[in-house]
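Worksheet for the structure shown next.
The values are calculated or read from the model by the stated rules, or taken from the named source; none is laboratory data. Please read these numbers as outputs of a predicted model, since none were measured by experiment. With ideal geometry, Cβ positions are generated from the backbone for all residues, glycine too; neighbour counts draw on all protein chains shown. Heads up: the accessible areas ignore ligands, DNA and RNA and are worked out on the full protein's heavy atoms, side chains in. Shrake-Rupley method; radii C 1.70, N 1.55, O 1.52, S 1.80 Å.
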Amino acid sequence: MTIQTLRGTVDILPEATANWQWIENIAQEVYKCFNFSEIRTPVFESTSLFQRSIGEGTDIVSKEMYTFADRKNRSITLRPEGTASVVRSCLQHKLIQPQSIRRLFYTGPMFRYERPQAGRQRQFHQTGVELVGSPQPAADIEVISLLKTFFDRLGLKDVKFRVNSTGSASSKAAIAEKLRSIVSPSKDKLCADCQKRYDTNVLRIYDCKVTNCREIIRTLPGISTFLGDEDKQHFQDVLDGLDALGIEYVVDDFLVRGLDYYTKTIFEAYKENSLGACDALAGGGRYDGLFSEMGSSFEVPSVGFAVGMERIYNILKSEDLFPEEKGIDCYIINAGVSFINILPVLQRLRNSGISASCDLSGRAVKAQFKEAARQKADFAVIIGEEELKNDLLKIKCLADRSEAELPISKVNDYLKESLNKE
Ligand code: HAM
């Protein structure tokens, strides 16, 4: 058997790449409108970067990372997400000073050893932003409205936002302590994972799907019960901003996220009845303590999100929302001349920005016309002995079947005008 892709990885084939590029281009246009600049970080990093930022007790770090020793026995990990690398890069290259703001975006493959299913892969793609350096609720509102603008520009309808607040960096320890004391009498009834979460990040218990745990969770108060006045006000300001922008959301007092670095606002975007269990299209939130935990000598409050691109792709595809793919401008039909006669015409077209192709397998004229149609060519240019002798090439518009005859030197201008090209 020939070698196949590994489980949880897929080839994005030529038939799909135009649609992927369409998504990426819209993302870039929206990022530019919001004044975000691109950052590209390596796909592998020191394992300790993710252990320290995402958190040792999280599923990502404890179960899902692609970690290996390199040839010098250093522990390397394929990035499971982008935020940790952006923080590392900002610190390494001193991209931020106290009070300064950076608006950054990234797009690329991420790696998590998860059980593959629809919309869940081991190599998947995220596009995301990090608004670095602002504690203001306005920053949270800005990234959520950017995400909403992105969905709108894609034509994605009925995307909902779930929002919550998990408390500031300074109150996290106290919140965890209070929750532990409430959960403590039922600790023995929790699943093995939640017993660990009880010690490492007790809030994550809210997210457990095990039946026994769900029964205990049902008796717990929502996270807002634990918030101090300042955190509550910050969250209310974010909600007021979303209201002002007409962005619909539901406050989910039990929402928690699978990464330890979050403080205050957290959110997820999802689409009901779309992909069943794994329907989060994007997730994000504020992480005011992460820069300091990663070694910053000053505080760098930040907020961001990442979109799961496969999930967006799947919905756009199933709802038939991708634009129809444009074909090439021109297909050259070789009506029995040497390829040497075709080459200069082809090259001149391409040099002037007209996309052009031709047969390379010696097919009959009829088959070449079929191929031109298959490639959705706007025009066919026919070159035969007769045409060369008279210096008159036949140009056929494949949409309305109209024809013109022009000297070789006029073909480019004619096509450019017909195709509305500069
Ligand atoms: P996350 O929730 O772990 O957050 O991932 C964001 C999105 O990536 C998810 O909502 C989902 O759409 C997609 N995703 C995650 N795992 C997979 C998978 N195995 N296959 C396909 N798609 C997947 C983060 O990664 C944070 N770094 C987001 C963030 C940025 N927070 C602040 N800034």
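What to note about this one:
- Those residues of segment 146-156 which are at negative phi and either open to solvent by 20 Å² or more (accessible area, probe 1.4 Å) or in a helix (DSSP H, G or I) (or both), in sequence order: Leu146, Leu147, Lys148, Thr149, Phe150, Phe151, Asp152, Arg153, Leu154
Residue-wise test of (1) buried (at least 17 other Cβ atoms within 10 Å of the Cβ); (2) within 22 Å of Ser296 (Cβ to Cβ); (3) more than 10 Å from the ligand (Cβ to nearest atom).
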| site | (1), (2), (3) |
| --- | --- |
| Gln99 | no, yes, yes |
| Phe105 | yes, yes, yes |
| Met110 | yes, no, no |
| Arg115 | no, no, no |
| Gly119 | yes, no, no |
| Gln126 | yes, no, no |
| Glu130 | yes, yes, no |
| Ala139 | yes, yes, yes |
| Ile144 | yes, no, yes |
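- Whichever residue in segment 185-205 is surrounded by 14 or more Cβ atoms within 10 Å (Cβ to Cβ) and among the aliphatic types (A, V, I, L, M) and, among such residues, is nearest to Val256 (Cα to Cα): Leu203
- Test for Arg153: is it more than 29 Å from Ser297 (Cα to Cα) and within 14 Å of the ligand (Cβ to nearest atom): no
- Filter result for Gly258 (part of a strand (DSSP E or B) and either in contact with a helix residue (DSSP H, G or I) (Cβ under 9 Å, 6 or more places away or on another chain) or open to solvent by 40 Å² or more (accessible area, probe 1.4 Å) (or both)): no
- Among the candidates Ala169, Ala173, the residue that is free of Cβ contacts under 8 Å to residues at least 12 places away in the same chain and within 21 Å of Gly55 (Cα to Cα) is uniquely Ala173.
- In segment 312-334, the residues that are within 30 Å of Arg350 (Cα to Cα) and touching a helix residue (DSSP H, G or I) at 6+ places or on another chain (Cβ under 8 Å): Phe322, Pro323, Glu325, Asp329, Cys330, Tyr331, Ile332, Ile333, Asn334
- Complete set of residues in segment 82-119 that are polar (S, T, N, Q) and on the phi < 0 side of the Ramachandran plot: Thr83, Ser85, Ser89, Gln92, Gln97, Ser100, Thr107, Gln117
- Within the option set Lys160, Lys187, being assigned to a strand (DSSP E or B) and either within 21 Å of Val251 (Cβ to Cβ) or not acidic (Asp, Glu) (or both) holds for one residue only, Lys160.
- The C-beta contact set for segment 112-131 (first residue touching a residue at least 60 places away in the same chain (Cβ under 8 Å), second residue among the polar types (S, T, N, Q) and within 7 Å of the ligand (Cβ to nearest atom), distance under 8 angstrom, 6+ apart or interchain) comprises Glu114/Gln121; Gly128/Thr83; Glu130/Thr83.
- In segment 398-409, of all residues being more than 19 Å from Ser352 (Cα to Cα) and either assigned to a strand (DSSP E or B) or among the basic types (Lys, Arg) (or both), the one that is most open to solvent (accessible area, probe 1.4 Å) corresponds to Arg401.
- When residues in segment 101-127 are screened for being in a loop (DSSP other than H, G, I, E, B) and among the aromatic types (Phe, Trp, Tyr), 1 of them pass.
- Segment 1-13, subset modelled with pLDDT of 95 or more and not polar (S, T, N, Q), residue farthest from Met309 (Cα to Cα): Ile3
- Residues that are within 16 Å of the ligand (Cβ to nearest atom) and either open to solvent by 10 Å² or more (accessible area, probe 1.4 Å) or touching a Pro at 6+ places or on another chain (Cβ under 8 Å) (or both) do not occur anywhere in segment 214-232.
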